[in-house]
Amino acid sequence: TTYLLAQEAIAAGHSLATQIENTPRIVEADTLSDLLSQQRVLVPLDHPDPAHCYITGTGLTHTGSASTRDKMHSSDDDAEQLTDSMKMFRMGLEGGKPAPGTAGVQPEWFYKGDGSIVVAPQQPFPIPSFSLDASEEPELVGCYLNGPDGTPFRVGFALGNELSDHVTERQNYLFLAHSKLRVCSFGPELLIGDLPQDIQGTSRIIRDGETVWQKPFLSGEANMSHTIANLEHHHFKYRLFRRAGDVNLHYFGTATLSFADMRTVEGDTFEIQVDAFGKPLSNPWQRVAEADYFAVEQL
């Protein structure tokens, strides 16, 4: 597994690329395309115990990312005032790219779940019946493993879909935490080494075999209001996320949302394509029934 390879690389004191080159491999008869079509591909990094895998993210980190959020959180009555979202975005523009080795302004941050919410590429997203929406958020995901002394090591980057419930969020921005407690996916491939400054790809929604929505997906620091290093600092400054052996999967935000233009329906497939990351990330979604009410039993 990537988890074991990364542990071995940390112990040996060299890069993951070197560890991969030094590790005997079994040649799979099927190509990656075959494996994806057979739904046999797992996410690029996980933890043997899902409870030791944190899924988190930062928002309002990309130039252009504030406009959709601002519309969700504003009304005609406060058209002359800056929303909290726009204030946070401007803070990032002004202080999100500090000098190397120093901390800039902290970003918006959210908790999404643990490893149990991760869905493999090509597998359907289970959307609970109480959800009001199922909308994609195409993002970059930083994949990290903490060393024996708690030092975070970046294993690599992957394409990710940080699926959210934007209708719930639009009711009141304080519902943001609720809207984020949904499943997610990332992969299918892992980019190790340096992240390109300017990442350009496409996010699309496919319905009954036809593309019904498509927009450019831009990321990388050339299109962001924060540096990756600043976002990493403001996550790992909390000792909670530096526990030895834990995995952290951190979503870096987006500027592309179909929610601004349309609503998805059950059966739609989300697809995120960036050539630098290899094969596209693709997941359909489906409704899953939940109880109308959950009662707690008294012991």
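Scanning region 218-247 for residues that are part of a loop (DSSP other than H, G, I, E, B) and open to solvent by less than 10 Å² (accessible area, probe 1.4 Å) turns up GLY220, SER225, HIS226, ASP246. If the condition is being touching a Gly at 6+ places or on another chain (Cβ under 6 Å) and either within 17 Å of PHE125 (Cβ to Cβ) or assigned to a strand (DSSP E or B) (or both), then region 163-197 contributes PHE186, LEU191. In the condition set (1) more than 16 Å from GLN214 (Cβ to Cβ); (2) among the aromatic types (Phe, Trp, Tyr); (3) in contact (Cβ under 8 Å) with a residue 60 or more places away in the chain, TYR293 is compliant with all but (3). Candidates in region 178-197 are the residues that are crowded, with 23+ Cβ neighbours inside 10 Å and not basic (Lys, Arg); of these, the one that is farthest from ALA158 (Cα to Cα) is VAL183.
Listed here are the residues, each with its yes/no results for (1) under 19 Å from the mean Cα position of the chain (by Cα); (2) of a type in the set (Val, Ile, Thr); (3) at pLDDT below 85; (4) in a loop (DSSP other than H, G, I, E, B).
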{"position": "ASP34", "(1), (2), (3), (4)": "no, no, no, no"}
{"position": "VAL41", "(1), (2), (3), (4)": "yes, yes, no, yes"}
{"position": "LYS71", "(1), (2), (3), (4)": "no, no, yes, no"}
{"position": "LYS87", "(1), (2), (3), (4)": "no, no, no, no"}
{"position": "MET91", "(1), (2), (3), (4)": "no, no, no, no"}
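For region 85-110, name all the residues that are open to solvent by 80 Å² or more (accessible area, probe 1.4 Å) and touching a residue at least 60 places away in the same chain (Cβ under 8 Å). Result: LEU93, LYS97, PRO100, GLN106, TRP109. Just checking, does region 273-285 include any residue being of a type outside the set (S, T, N, Q), without any contact (Cβ under 8 Å) to a residue 12 or more places away in the chain and assigned to a strand (DSSP E or B)? No, region 273-285 contains no residue that is of a type outside the set (S, T, N, Q), without any contact (Cβ under 8 Å) to a residue 12 or more places away in the chain and assigned to a strand (DSSP E or B).
Answer yes or no as to whether ASP208 is exposed (fewer than 15 other Cβ atoms within 10 Å of the Cβ), over 14 Å from the mean Cα position of the chain (by Cα), closer than 23 Å to LEU35 by Cα and without any contact (Cβ under 8 Å) to a residue 60 or more places away in the chain. In short, yes. Among the numbered conditions (1) open to solvent by 50 Å² or more (accessible area, probe 1.4 Å); (2) touching a Gly at 6+ places or on another chain (Cβ under 7 Å); (3) under 28 Å from ALA51 (Cβ atoms), the only one that GLY253 does not meet is (1). The number of residues in region 85-108 that are in contact with a helix residue (DSSP H, G or I) (Cβ under 7 Å, 6 or more places away or on another chain) and farther than 18 Å from GLU221 by Cβ comes to 2.
The values are calculated or read from the model by the stated rules, or taken from the named source; none is laboratory data. Computed from a predicted model, the values in this text were never measured in an experiment. Cβ: placed from backbone, ideal geometry, glycine included. Neighbour counts: every protein chain shown. Protein only, heavy atoms only, side chains kept; ligands, DNA and RNA dropped before computing areas. Shrake-Rupley method; radii C 1.70, N 1.55, O 1.52, S 1.80 Å.
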